[in-house]
Structure formats: structure tokens, C-alpha cells
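Each remark here refers to the structure printed beneath this line.
What follows is calculated from the coordinates using simple rules that are stated; it is not laboratory data. Fair warning: this is a prediction, and the values are worked out from it, not measured in the lab. As a convention, Cβ positions derive from the backbone with ideal geometry for all residues, glycine included, and neighbour counts pool all protein chains shown.
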Amino acid sequence: MKDAARMLQDVNESMLSERMRFALNEVEQMGIRGLTAVPVKPTQEMLTAGASAGHISIETVMAVYTAMLRAAD
């Protein structure tokens, strides 16, 4: 994410609105802090990977994912 933010910042700075600069800075700061954006609802691929890695059902993966998102709030 940080590389994408830097690449966009390299685009003619005068063309970027103040809001866009703020948003790009926030994305970069997320990367610096080790954070990333994840979907609220996991994809089927994410569920399948979690089930395989944990040797658990997709339903259990969904329950774990939901609990993790709630804990992050």
C-alpha cells in the first residue's frame, strides 16, 4: 500500500486535492503501523484458505473472522 501511495504522490502534486493528499497520507501511515484494510465480508477464497489452514469448517472460519473484526473496533 505504501508504494501505491508514493506512486500517486509522485503524480503532479498540484493536481491532487487536499482531501486526496490526506487520504494518501492515511494509507501510508496504515502501512507504517503494520495495518491493512480488509473486507468486512471475507471472500470465498479467504474462507477456504482459513478452513484449510486451521482444519476447521468454513462456518467456524466466518465466526473467527467476525470476532476478530469486532475486536479490532
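Which one of E45, E26 is free of Cβ contacts under 8 Å to residues at least 12 places away in the same chain, assigned to a helix (DSSP H, G or I) and under 15 Å from the mean Cα position of the chain (by Cα)?
Details: E45 fails: under 15 Å from the mean Cα position of the chain (by Cα).
Answer to the check: E26.
Rundown of residues vs (1) closer than 24 Å to D3 by Cα; (2) surrounded by 14 or more Cβ atoms within 10 Å (Cβ to Cβ), yes/no style:
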{"site": "N25", "(1), (2)": "yes, no"}
{"site": "E28", "(1), (2)": "yes, yes"}
{"site": "G31", "(1), (2)": "yes, yes"}
{"site": "A49", "(1), (2)": "no, no"}
{"site": "G54", "(1), (2)": "no, no"}
{"site": "E59", "(1), (2)": "no, no"}
{"site": "Y65", "(1), (2)": "no, yes"}
{"site": "R70", "(1), (2)": "no, no"}
